[in-house]
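A.B. asks: Handing you this structure, nothing more for now.
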């Protein structure tokens, strides 16, 4: 065999050996282990870096975040207090959020908030919900507008977070001294205890425009139990007692 061909043969063989050794070293010692942050669908993941061993939720392609139905607003309680309200919806028909954080930001004439109220809530699939922050201490004369900002949502399939079955009975609203009182009773139609049940009263005028809001909380609500509630709000001008709306929310 000519010398040149031998050199090519030996050189090629040596190069293949080097490539083999480097490849073996890479796959044995240097190649990163599959993880939930490698931007690849591996392990037993249901999507890229989600589901399966990763444990987090895989968002569908048509997923939509929490939406505001209309601009948040505020209502006078007295000269030093207001109540804040936001109406939101979960536009996803098969997803629920078991927990999300939010902020109400109260503004005066400047772009710097004069008050920030933080909280947490939840949304069942397709749910329209009213979020309130009652009796917030702030100078009414300085309040110009309110913003509501949802954030950090934990999403799951709705089959794992069904809505509870509560029944409202004997609802009535009346005047008592200088206040409006909304009352009634609620039946827990579930087989579990609910640690907290939020009951909101939204007061309206004859045009069905919201004019006030307040809330109360029922605790340790046992299966098949009936509990009374009473929500008091300072008297509001032009309120229509028959238009009062009662909303009931509880996390399963």
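A.B. asks: Among (1) exposed (fewer than 13 other Cβ atoms within 10 Å of the Cβ); (2) within 25 Å of residue 84 (Cβ to Cβ); (3) assigned by TED's automatic domain parsing to the domain that holds residue 193, which single condition is residue 172 missing?
C.D. replies: That leaves (2) as the condition not met.
A.B. asks: Counting only residues that are part of a loop (DSSP other than H, G, I, E, B) and either within 16 Å of residue 83 (Cα to Cα) or touching a helix residue (DSSP H, G or I) at 6+ places or on another chain (Cβ under 9 Å) (or both), how many does region 225-252 have?
C.D. replies: If we filter region 225-252 for residues that are part of a loop (DSSP other than H, G, I, E, B), which is where we start, we get 225, 235-238, 250-252.
With either within 16 Å of residue 83 (Cα to Cα) or touching a helix residue (DSSP H, G or I) at 6+ places or on another chain (Cβ under 9 Å) (or both) added as a condition, the list becomes 235-237.
Qualifying residue count, region 225-252: 3.
A.B. asks: Considering only residues of region 92-124 that are more than 11 Å from the chain's Cα centre (by Cα) and buried (at least 17 other Cβ atoms within 10 Å of the Cβ), which is nearest to residue 200 (Cα to Cα)?
C.D. replies: Applying the filter and picking the extreme gives 104.
The values are calculated or read from the model by the stated rules, or taken from the named source; none is laboratory data. Since we're looking at a predicted model, the values are computed, not measured. Please note: Cβ atoms are built from the backbone with ideal geometry, for glycine as well, and neighbour counts cover all protein chains shown.
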